[in-house]
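**Student:** Structure in structure tokens, see below.
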Amino acid sequence: MRRSAPWLLPILAAVGGFVSLGDFGAGPILKYAAYFAGAIALPGTLLLRAAWRSTGNWAEDLGLGSVVGATWQLIGWAIFTALGWQRWLIVWPALVLIGFAVAGRRYFRIAEPEPLPFAWTVGLAVSAAVMVGATTLGVMAYHPMPPHGEAYYPDLLYHLSMVHELTRAVPPELPQVVNERLDYHWFADADMAAAVDVTRLTPLVVLFRLWVLPWLVVSLLVCATLARIVSRTWWTGVLAALALAAPQLFLLVNTSVNLAPPVSLLSPSQTFGMVAAVAVAVFLIELLFRNGSHRLWLLIVPVAVVGGGSKPTVLPLLVAAVGLAALYLLVTTRRLPWRLIGTAVVLLVAGAATFLTVAGSTSGSRVQFLAVLKSLPVYTAATGDKTQPGDGGLILPALAHGEVLGTLSLLLGLLLTLQAMSWAGFGVTGRRDPIAWFLLGAMIAGWAGYLLVDHPSVSESYFVYTAAPFSLAGAGWFAATSARASGRPMPIAIAAFILSIGYAGLLVWARGVPAASTGRQLWLTTRMLLVVLGITLFLLLVWRLTLRQAGGGMFVVLVLLSTAPISSFAQSAVRGDTERAPTYRAARWWVYPDEAEAALWLGQHSGRYDVVATNTWCRPAGPGTPGCDARGYLVSGIAGRRTLIEGWAYTNQAMAAQGHGGRRYTEQPSPWPDRVALTEQALTAPTAEVLRRLRDEYDVRWLYADGRNGPISPALDRLAVRRHSIGKVRIYDLGA
């Protein structure tokens with residue numbers, strides 16, 4: 001009982017956060033908690049132990065088991081949804097529980113317990129409480145659910161449209177372009193769809209509020225597990241968890257940012273994919289380097305596929321990890337490591353399969369060295385280059401044009417602040433252990449993708465985010481080796497104190513920093529570098545006074561981990577919402593109350609397979625208006641219905657057109673101009689023939705006519721049945 005008590009902290013943090021939000025009562029929270037525990041965590045833990053073994057403690061078992069359980073649930077979701085049995089999906093995890101209750105009751109307990117120290121439990125529970133509290137009180141409070149907000153981050157509505165779609169069909173259609181295949185890494189959204197099918201909660205509640213919280217805790221557990229198994233030292237797991245959780249504290253100061261990477265609310269695919277990647281890494285280390293059971297393949301292959309279907313960055317990192325370890329063994333033993341080569345081939349096949357089927361959103365990507373610097377707000381001010389992401393040759397245009405000093409200063413700032421956590425693990429370089437080279441392979445691949453890929457939406461950042469847990473594991477291993485070399489264990493309390501001092505000082509300093517204007521951004525970057533220098537000198541002084549006998553590697557690790565919260569500061573001061581409003585209020589993504597209410601009405605009064613014709617593809621500009629950003633997901637997202645045509649910005653066709661006509665992919669004309677023309681004609685100059693064509697060719701049942709996006713013909717009241725109207729929105733039924 002004493003060991004379990006600290007886990008009340010994240011539970012209380014979640015309850016307190018939800019009470020402050022006031023979005024809903026206790027019912028949905030309890031229902032989702034029961035779902036995750038009974039349909040994901042427990043079945044997955046039983047399958048983990050049956051296919052492999054127990055880690056010796058419940059916390060790590062539940063972390064890895066949740067990933068296995070989600071994989072099992074996704075298999076069931078695909079089968080049941082394809083057969084149209086979504087409402088019976090609860091049977092799938094129940095089969096596991098019943099089977100183990102009948103024939104595998106020994107797996108409900110740990111045969112050979114190896115409990116971790118109580119300090120480990122406290123450290124992980126505190127980290128989880130920080131993560132959960134910052135998420136609910138910070139980023140969730142900043143992003144209200146429809147219709148309670150006034151603007152909605154477009155990616156959330158885009159994911160919402162996919163969650164709705166994934167409760168309908170396998171394989172899914174593109175919700176914004178009916179009858180077209182959905183090309184996206186949608187497995188995280190499918191996991192939410194499975195939760196919706198079982199709990200009967202709305203996709204809005206699951207996506208905006210409930211889904212991410214247990215996965216944040218799982219991310220801490222699996223990252224701590226990876227750090228512990230490679231270092232064989234328990235406190236390295238605590239360091240990894242603290243490094244992930246502490247930067248989130250900034251959300252208690254300024255909520256106008258996302259969760260600090262590598263986890264994310266606004267990118268569920270990143271959080272879900274990263275957790276799968278770390279779980280596969282744990283299994284691969286046990287299989288390839290610790291003589292684990294061959295039954296681990298039953299876990300590795302499906303979880304790797306889930307990772308690849310969640311984020312395209314996952315499998316390249318795992319292939320690189322196995323590949324570099326194989327190269328190390330080849331060089332040192334002068335024998336082909338066939339086991340590792342075969343594993344790399346399996347992962348390559350899994351990567352190819354997911355890339356060709358569900359990866360999506362990779363069109364428009366190119367190779368350009370240091371392209372990621374173009375995403376920094378200070379880039380143009382420092383170099384004078386105005387090249388957009390996705391444009392230019394093989395080398396960053398600023399560098400190619402001789403702006404060496406400005407480019408190098410930006411790169412240095414990026415390395416020392418935004419990505420310090422992600423290169424802390426390179427301290428294992430040179431270690432004579434294939435596991436070290438396994439970690440290095442993932443880290444090198446992450447940095448290679450980060451520094452060489454030029455994605456139209458700057459998604460190359462996800463490479464280094466996905467590699468961060470491998471870096472933290474390497475950093476912990478480096479620190480543990482340094483501590484052992486000194487002849488005494490790492491004094492974890494002193495390390496935590498040093499980290500907290502650095503965090504607290506940074507947060508206090510950040511309170512006085514106003515939103516960065518263009519003229520002040522270079523000075524802002526300089527200030528961040530000075531803070532890093534100050535933290536470094538402070539840590540060096542404490543190190544000399546308290547830990548003089550320990551290895552110098554510990555100092556390096558603490559410096560790097562102490563600079564991690566600067567990523568949160570940089571996001572807030574440079575990339576955050578410059579309006580500094582209590583909730584997200586970006587004018588471009590404004591949704592008026594009548595629009596949201598009408599969309600909710602449509603979702604409640606239409607069939608789940610109904611198709612809607614709507615003029616809401618641009619937000620906020622109307623059709624054809626200069627400056628249209630084609631990320632309008634009002635009907636497909638909030639109403640949750642398939643549309644004839646809505647926001648097309650995230651389609652591969654649009655992303656491949658990045659830079660055409662000097663415009664970003666989000667501002668490109670529709671790849672389906674015939675659908676746009678047909679919709680505009682139906683709303684502005686309707687005829688019986690046009691409406692009949694909508695019904696016969698595309699099965700359109702409803703018209704969602706938003707007067708803010710263009711004129712609405714009065715003739716529609718004669719040609720169709722108006723079912724609902726509010727404000728400037730009219731909804732017509734074509735099937736009556």
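**Student:** Using Cα-only point scatterers and the Debye equation, what is log10 of I(q)/I(0) for the stretch 591-733 at each q in 0.12, 0.13, 0.20 Å⁻¹, rounded to two decimals?
**Tutor:** -0.44, -0.52, -1.21
**Student:** Excluding residues fewer than 8 places away in the same chain, name every one of the aspartates and glutamates whose C-alpha is closer than 13 Å to that of LYS31.
**Tutor:** Output for LYS31: ASP197.
**Student:** Using Cβ counts within 10 Å as a stand-in for footprinting exposure, how do GLU286, GLU460, GLU595 rank, fewest first?
**Tutor:** Details: GLU286 19, GLU460 22, GLU595 26.
By the 10 Å Cβ count, ascending, the order reads GLU286, GLU460, GLU595.
**Student:** Can you sort GLU165, GLU403 from fewest to most other Cβ atoms within 10 Å of each residue's own Cβ? Could the numbers behind the result be given before it?
**Tutor:** On the way: GLU165 25, GLU403 17.
Ordered from fewest to most neighbouring Cβ atoms within 10 Å, GLU165, GLU403 come out as GLU403, GLU165.
**Student:** Past the 32 Å Cα-Cα mark, which pairs from LYS311/LYS386; LYS374/LYS728; LYS311/LYS728?
**Tutor:** Details: LYS311/LYS386 29 Å; LYS374/LYS728 40 Å; LYS311/LYS728 39 Å.
As for pairs spanning more than 32 Å Cα to Cα, those are LYS374/LYS728; LYS311/LYS728.
**Student:** Order of 213-220, 55-62, 442-449 by packing, highest average Cβ count within 10 Å first?
**Tutor:** Values: 213-220: 25.1, 55-62: 20.5, 442-449: 23.6.
In descending order of packing, they fall as 213-220, 442-449, 55-62.
**Student:** Which order do THR71, THR583 fall in if you start with the one that has the fewest other Cβ atoms within 10 Å? Kindly include the intermediate steps, with their values, before the conclusion.
**Tutor:** Details: THR71 24, THR583 16.
Fewest-to-most ranking of THR71, THR583: THR583, THR71.
Every number in this text was worked out from the coordinates using simple rules, so none of it is lab data. Source: prediction; values computed, not measured. Cβ sites come from the backbone with ideal geometry, for glycine too, and all protein chains shown count toward neighbours.
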